[in-house]
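Participant: Mind having a look at this structure? Questions to follow.
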Amino acid sequence: MQTSKAHFWFVGPALFLMVVILLLPILVAGALSFTSYSLGNPGVDFVGLENYEKIFTRSTYEKMFGATFRYVFVVVPLSVGLGLGAALLINSVGRFGDFYKTVYFLPVMAALIAMAIVWEFAFHPTIGIVNATLERGCGSLLEAWSWFARGCERGFPLWLTDRDYAIWTVAFIGVWQGFGFNMVLYLAGLTSVPRELYHAAEMDGARSAWDRFRLVTWPMLGPTTVFVVTISFIRSFQVFDTVEAFYPQGGGPSKSVYVMMFAIYEKAIQQNLMGIGAAITVVFLAFVMFLTVLQRWLVERRVHYT
């Protein structure tokens, strides 16, 4: 009996595109990471693990990891927490729910380069609305806060050009842009929570909103939370537009905003050091792969209300 091979004609194009678009570039980047290849050079020198040694030993790349992880571990918890809070509030609002959804989702739809220019004006030390608003508080009870009193006396920070504040300012913009997307995901998760569970919880003594959230809503949002956290981590590791818009010449003051994606762009594109750029790319992909595997493991453990 001859077996039909018609299924290959259906699966083949998808497999071909997956290999060409996804797997082949990863393999090429992995191969280039062991070389000193640069565009235009006739030859390729094999350097082994030298590029990876530079990444994990040189101070420039130490700043890269520091800036990246500071950004990620600020943006992810805040954007997830604010997204969940906004979703719960909108889900409980009877009127104007669609209006609030649109308002909170606008930063996600806006072009980040254009928004970066707006934020650059907002954080301007002399004409920006942020420092102007803070200055209005001078002479009030806010001066009991030592940081605020120092700002009134010496001037408020140069948010984008001070190395002590630059990464936190960029992270604030990342939270502003990202929590609306997480809100939409949580709203989708809330629609799947059976109303009967809330009635059963009330019968078991869960009278307050906090008890219902703790016993029903939060456990039932387990799979959604795993997905939201994983996506937020990946999106945070991929930050580039804001940094490039604010600091096109080199990762901010004293490399304090020198995140991984900007390092890849600087080394591979601006400086034509394809080998070290490919090595940073491989390290970046390793982080993303780890997060993806962790998400799959958590989902397979059936993280939900039982």
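Participant: Which helices, counted as full DSSP H runs in the chain, have an axial Cα extent of no less than 20 Å and a Kyte-Doolittle average of 1.6 or above?
Facilitator: Span-like helices here: 274-300.
Participant: Continuing with the same structure: Expressed as a fraction of 2.2 N^0.38 Å, the rule-of-thumb size for a compact globular protein of N residues, what is the C-alpha radius of gyration of the stretch 230-276?
Facilitator: Output field value: 1.17.
Participant: Shifting gears a bit: Relative contact order for the stretch 97-213: what is it in percent, counting Cα pairs under 8 Å that are at least 6 residues apart?
Facilitator: Relative contact order for the stretch 97-213 comes out at 24 percent.
Participant: What's the percent breakdown of Cα-Cα distances in the stretch 149-306 across 5 Å bins, shortest bin first?
Facilitator: Percent of Cα pairs in each bin: 2, 8, 12, 13, 13, 12, 10, 9, 9, 6, 4, 2, 0, 0.
Participant: Once the other residues with Cβ under 14 Å from the Cβ of F179 are scored (Lys, Arg +1; Asp, Glu -1), what is the net sum?
Facilitator: +2
Participant: What net charge is computed for the residues neighbouring I117, neighbours being all others with C-beta under 15 Å from the C-beta of I117, Lys and Arg scored +1, Asp and Glu -1?
Facilitator: -3
Participant: Going by average Cβ neighbours within 10 Å, how do the peptides 120-129, 219-228 rank, with the highest at the top?
Facilitator: 219-228, 120-129
Participant: Here is a further query. From the mean inverse distance of alpha carbon pairs (Kirkwood) and the Cα radius of gyration, derive Rg over Rh for the stretch 19-125.
Facilitator: 1.17
Participant: Something else about it: Using Cα springs under 10 Å in a Gaussian network model of the chain, which residue among V175, V80, V184 shows the largest mean-square fluctuation?
Facilitator: In the Gaussian network model the winner is V184.
Participant: Let me ask something additional. Leaving out same-chain residues fewer than 8 places away, which lysines sit with a Cα under 20 Å from that of K54?
Facilitator: Reachable lysines: K63, K255, K267.
Participant: State the Cα centre-to-centre distance between the stretch 123-141 and the stretch 256-274 in whole Å.
Facilitator: Comparing the Cα centres of the stretch 123-141 and the stretch 256-274, I get a distance of 35 Å.
Participant: If you don't mind, another one. Using 0.36 nm per residue, how much length does the chain from N91 to S208 gain when fully extended, once their Cα-Cα distance is taken away?
Facilitator: Fully extending the segment from N91 to S208 adds 40.5 nm.
Participant: Just the number, please: carbon plus sulfur as a percent of the accessible area of the chain, 1.4 Å probe, no ligands or DNA/RNA counted.
Facilitator: For the chain, the apolar C and S fraction of the accessible surface comes to 66 percent.
Participant: Here's a follow-up. Select from F8, A122, N41 the residue farthest towards the positive end of the dipole of the stretch 1-126; place +1 on Cβ of Lys and Arg, -1 on Cβ of Asp and Glu, and compute about the Cα centre.
Facilitator: F8
Participant: Measuring with a 1.4 Å probe in the full set of protein chains, what accessible area per residue, in whole Å², belongs to the chain?
Facilitator: The answer is 60 Å² per residue.
Participant: To continue, here is another question. If I take the Cα coordinates of the chain and project them onto the principal axes, what are the three extents in Å, biggest first?
Facilitator: Projected onto its principal axes, the Cα set of the chain covers 77, 68, 32 Å.
Participant: How far apart, in nm, are two points set 7 Å out from the Cα along the Cα-to-Cβ line at T102 and at L49?
Facilitator: Each label point is offset 7 Å from its Cα along the Cβ direction, giving 5.7 nm.
Participant: Given an 8 Å cut-off on Cα distances and at least 6 residues of separation, report the relative contact order of the stretch 131-192 as a percent.
Facilitator: Answer for the stretch 131-192 is 16 percent.
Participant: Compute the convex hull volume of the Cα atoms of the stretch 85-198, divide it by the residue count, and report the result per residue in Å³ as a whole number.
Facilitator: It is 166 Å³ per residue.
Participant: Can I ask one more? Residues with amide H under 5 Å of T35's amide H, sequence separation 5 or more or different chain, H placed in the peptide plane at 1.01 Å from N; which?
Facilitator: For T35, the qualifying residues are V47.
Participant: Sorted by accessible area with a 1.4 angstrom probe, largest first, how do F213, F148 fall?
Facilitator: Ranking F213, F148 by accessible area, largest first, yields F213, F148.
Participant: Same structure, new question: How high is the FRET efficiency between W9 and E62 when r is their beta carbon distance and R₀ equals 41 Å, given to the nearest 0.05?
Facilitator: 0.20
Participant: Sticking with this structure for a sec: Along each of its three principal axes, how wide is the spread of alpha-carbon positions in the stretch 217-306, in whole angstrom units, largest first?
Facilitator: Computed over the Cα atoms, the extents are 54, 26, 17 Å.
Participant: Please state the shape class of the stretch 144-188: rounded when a/c is under 1.5, otherwise prolate if a/b exceeds b/c and oblate if not, all from the C-alpha gyration tensor.
Facilitator: Verdict is prolate for the stretch 144-188.
Participant: Over the stretch 131-231, what portion of Cα pair distances is larger than 18 Å, expressed as a whole percent?
Facilitator: 67
The values are calculated or read from the model by the stated rules, or taken from the named source; none is laboratory data. Note that the structure is a prediction, hence the values are computed from the model and not measured. Methodologically, a virtual Cβ is constructed for each residue, glycine included, from the backbone with ideal geometry; neighbour enumeration extends over all protein chains shown. For accessibility, only protein heavy atoms count, side chains too; no ligands or nucleic acids. Shrake-Rupley method; radii C 1.70, N 1.55, O 1.52, S 1.80 Å.
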